1. For residue 169, are the conditions met, namely being crowded, with 23+ Cβ neighbours inside 10 Å, touching an Asp or Glu at 6+ places or on another chain (Cβ under 7 Å) and either without any contact (Cβ under 8 Å) to a residue 12 or more places away in the chain or within 22 Å of residue 13 (Cα to Cα) (or both)?
2. How many of the residues making up the range 143-164 are farther than 26 Å from residue 65 by Cβ and buried (at least 18 other Cβ atoms within 10 Å of the Cβ)?
3. Can residue 100 be described as closer than 27 Å to residue 240 by Cβ, at pLDDT 95 or above, crowded, with 22+ Cβ neighbours inside 10 Å and of a type in the set (Ser, Thr, Tyr)?
4. Which of the residues that make up the range 182-202 are in contact with a His (Cβ under 9 Å, 6 or more places away or on another chain) and either at pLDDT 95 or above or farther than 25 Å from residue 279 by Cα (or both)?
5. Would you mind stating whether residue 51 is surrounded by fewer than 18 Cβ atoms within 10 Å (Cβ to Cβ), in a loop (DSSP other than H, G, I, E, B) and touching a residue at least 24 places away in the same chain (Cβ under 8 Å)?
6. Checking the condition modelled with pLDDT of 95 or more and part of a helix (DSSP H, G or I), which residue from 281, 302, 316 passes?
7. Taking the range 81-96 only, how many residues are charged (D, E, K, R), surrounded by fewer than 20 Cβ atoms within 10 Å (Cβ to Cβ) and within 21 Å of residue 176 (Cα to Cα)?
8. Counting only residues that are touching a Phe, Trp or Tyr at 6+ places or on another chain (Cβ under 9 Å) and closer than 23 Å to residue 214 by Cα, give me the strands (runs of 3 or more DSSP E) lying completely in the range 78-166 with at least 3 of them.
Amino acid sequence: MPVKIVIPGVGGDRYVPYEERQGNESIVYFTRDLSPEGLKKLYRRISARLTGKVAVKLHTGEPNGPNIIPRPWVKALLADELPNGTVVETNSYYEGDRYTTEQHRETLKINGWTEFCTVDIMDEDGTVMLPVEGGKWFTEMSMGKDLLNYDSFLALTHFKGHAKGGFGGSNKNIGIGCADGRIGKAMIHTTPGSDDMWDISTEEFMERMTESTKATVDHFGKRIAYINVLRNMSVSCDCEGCAAMPVVTPNIGMVASLDILAADQASIDLVYALDERDHADLVERIQSRHAHRQLSYMKELDMGNDRYVLIDIDHDDVRICPKDAVKDVVPFTES
């Protein structure tokens with residue numbers, strides 16, 4: 001059993017208020033319209049650079065998973081806005097219904113994806129190593145080989161909690177979701193030689209996951225964009241499927257940006273702007289896993305800005321703050 005080095009905490013359990021952040025501001029677009037039309041309207045704000053063949057990375061879910069982005073939304077987006085778009089996935093690290101390509105394809109069928117699109121399981125035919133610039137854990141990351149077949153990339157992310165990552169935003173969707181199921185995901189989750197496949201946690205896990213994301217972000221350069229859907233936000237990831245914890249956080253809306261850090265930071269800010277009773281469970285999950293380290297490490301790696309201008313596309317593109325964005329959300333109540 002190898003000796004595990006414990007990395008000192010770097011503040012991943014602390015939310016950093018906006019006034020304490022420094023640097024430039026990016027643009028983040030916001031809508032409350034949780035519908036196919038709202039998604040298409042938001043996508044048009046960040047679509048100009050997405051040319052050629054576009055990989056659309058989303059979590060297609062475990063069998064009958066209740067909280068994934070609704071299939072009709074994705075169908076409408078592909079049909080009306082992304083004729084050259086392809087939904088992409090990779091196989092899972094854990095044994096289950098997405099562990100092998102054959103199992104994964106059956107799950108895609110159960111969940112209704114095959115009714116309107118072909119899903120590219122990017123590690124079906126092998127892997128590719130992409131460089132990680134400036135990382136402290138990796139110099140390269142193992143990805144599904146088919147990632148190289150695309151000219152542009154859209155991270156279409158269901159924002160929610162996550163058992164290991166605290167929250168799953170664009171960073172998690174790309175960092176875990178593009179790493180192949182056997183090599184790349186093991187590099188992120190497991191100390192080499194360990195008999196515990198989930199032994200890496202807190203700050204170190206956030207950093208490894210973020211370095212994986214950086215490999216994909218750097219590969220696509222300016223030809224990448226991000227949408228986070230803040231709906232059905234359980235503290236559980238969609239990888240938990242029907243076993244996910246109940247949704248107790250109110251639906252908020254969707255954000256989009258050309259800046260991955262700004263998109264994830266704005267999503268966090270919107271959650272924290274909710275009343276304490278409405279965000280308590282999700283905030284506890286985020287802070288207990290030291291998930292804010294995802295954000296601070298993205299900034300250290302020059303992946304984006306944690307300061308941003310939030311543009312309300314529902315109301316004449318006015319600049320708003322997260323508190324204004326969530327003032328009319330309906331809290332969940334026990335039945």
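1. yes
2. The total comes to 1.
3. So residue 100 does not fit the description; no.
4. Correct list: 197, 198, 199, 200.
5. yes
6. Values: 302 fails: part of a helix (DSSP H, G or I); 316 fails: part of a helix (DSSP H, G or I).
Testing whether each residue is modelled with pLDDT of 95 or more and part of a helix (DSSP H, G or I) leaves just 281.
7. Within the range 81-96, residues that are charged (D, E, K, R), surrounded by fewer than 20 Cβ atoms within 10 Å (Cβ to Cβ) and within 21 Å of residue 176 (Cα to Cα) number 1.
8. 85-89, 152-158
The values are calculated or read from the model by the stated rules, or taken from the named source; none is laboratory data. Computed from a predicted model, the values in this text were never measured in an experiment. In this analysis, Cβ positions are derived from the backbone assuming ideal geometry, glycine residues included, and neighbour counts consider all displayed protein chains.
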